[in-house]
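A short worksheet on the structure shown next.
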Amino acid sequence: MPALLVSKSPPLSGEVTIHGAKNSVLPILAATLLCRTPCVLHNCPDILDVTHALAILRSLGCASERRGASVYIDPRGCAGRSVPPELAASMRASSLFLGALLAGCGEASLSLPGGCPIGARPVDYHLLAFRALGAEVAQTDDTISCRAQKLTGANITLPGPSVGATENAMLAATGADGVTVIENAACEPEIADLAGFLIACGAKITGAGTSHISVEGGHPLTGATYTILPDRIETATFLCACAACGGELTLRRTDARLAEPVLGSLAESGCRISCTHDTIQICRNGPLTACRPVVSRPYPGFPTDAMPVLLAAQLRVQGQTAFTETIFENRFGYVRELGKLGVQLRQDGSTVRLNGTPRLHAAQLFAEDLRGGAALLLAAMQAEGESTIFGVKHIKRGYDTLETALQSAGARLKTVEIPKKM
């Protein structure tokens, strides 16, 4: 089985180019089903979740081709109405194909989607939106089926600002007659990016990126050429890697505005940061001090996906701090693995309290989810000796060439194949 061998890193140095956002490209790939002509997506990360999304599109009859960082999709052959169970189980974002298929074909079915085991992420809000638009929804223990002879615009108030439910409501609303208003919508930049793609295809959408989104449905959509926005969580990961190991990194093709909460915490800890419109330079050549307590919040608050890597960057700080998770109840699954490295921390419910530990030691670690896996990698880069990280597939779900980029900056890590024990 594949594993990462990670030794203590020297101070990092160099440049890193940030890829397109995982959480943008997945809903946009689903949205291509709504188009009558081919689409081209630039800055498309080559990650496992994108591979699975393209496999779903092909299973539905679409043609797709990757050329470097660009993906070409021809949805004109789409004839399927159901996502195969094995593909639905491969990632949480498979649920986004429900809204696109419902809008484009009038029916859709899906086995309950998979994803990282970080806590309950029910699709109730998604189904509420579909029903409000006039769809009939049936749900069994493991399957969701939606059908509508006609979708009609409606006022939808989400019980909470769910990113996935907001995206699914937008997708379905493009196929509804009349105007749909989504209240209490999530405000993440990736939602505005989805709207940007749909608008480029001919949709009429206003308010994306705010809690009040309006979609005027019923307009035919044609394919478009679109560039995915930079990945703010990949940006946070490299920033935190430099903070953890010291040195100086320049991040290119990114957007500092999307990383403001993380940049604020790192500046509090003693990192020096300078930004242009598409670059971030971070320098850390002295000891880190503990940042103020961090609480995950919906955008524009501190992103839940960036909390694990920031926590990893704080492991050897001078002082104490705390991290409170309000989005996913099982987000801290990686914390027990950190303890193997000699980290001084304890979990009290949804809060982890951390005392900085000057010296960490290598250990055998197991990644169980994407962002927790990235945190274990950053932690191992600070530990004396050579650590082994299993569960590499989780990390590859969300990072394009992470290992190569870190190696180019001086980090000491490599993927190896370790035989399974009989």
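General remarks:
- Chain lengthening between Ala55 and Thr415 when straightened (0.36 nm per residue, less Cα-Cα): 127.1 nm
- Loop trypsin sites (Lys or Arg not before Pro), the stretch 200-290, which have at most 15 other Cβ atoms in a 10 Å radius of their Cβ (DSSP): Arg253
- Part-to-part distance (alpha-carbon centres) for the stretch 135-156 and the stretch 361-421, which is given in Å: 41
- Whole-Å distance, taken between Cα centres, linking the stretch 245-298 and the stretch 196-218: 32
- Take every Cα pair under 8 Å whose residues are at least 6 apart in sequence, average their separation, divide by the length of the chain, and the relative contact order is 21 percent.
- Ordering Arg58, Arg346 from the fewest to the most neighbouring beta carbons within 10 Å gives Arg346, Arg58.
- Simple point charges give the picture: +1 on the Cβ of Lys and Arg, -1 on the Cβ of Asp and Glu, and for the stretch 182-291 a dipole about the Cα centre of about 280 debye.
- Counting neighbouring beta carbons within 10 Å and listing from fewest to most, the residues His277, His52 come out as His277, His52.
- Sorting 195-203, 20-28, 404-412 by their mean Cβ neighbour count within 10 Å, with the most densely packed peptide first, gives 20-28, 195-203, 404-412.
- For the stretch 144-221: rounded, prolate or oblate by the Cα gyration tensor [a/c cutoff 1.5]: oblate
- From helices alone, the chain scores -8500 deg cm²/dmol at 222 nm; the rule is -39500 (n - 2.57) for each run of n ≥ 4 DSSP H residues, then divide by the residue total.
- Rounded to 5, the percent of DSSP beta bridges in the chain classed as antiparallel: 70
- Beta bridges per DSSP with both ends in the stretch 22-227, % antiparallel, nearest 5: 70
- Taking a ≥ b ≥ c as the square roots of the eigenvalues of the alpha-carbon gyration tensor, the stretch 22-227 is classed rounded because a/c is under 1.5.
- Residues Met91, Met1, Met307 in ascending order of nearby Cβ atoms (within 10 Å, fewest first): Met1, Met91, Met307.
- For the stretch 22-227, averaging the sequence separation of C-alpha pairs within contact (under 8 Å, six or more residues apart) and dividing by the residue count gives a relative contact order of 21 percent.
- Between the stretch 327-359 and the stretch 1-36, the Cα center-to-center distance that results, in Å: 25
- Of all beta bridges that DSSP places with both ends in the stretch 248-345, some 70 percent have antiparallel geometry.
Each value in this text was obtained by applying a stated rule to the coordinates, not by laboratory testing. A quick note: this is a predicted structure, and the numbers were derived from the prediction, not measured. Quick reminder, even Gly has a Cβ in these numbers, built from the backbone with ideal geometry, and neighbours come from all protein chains shown.
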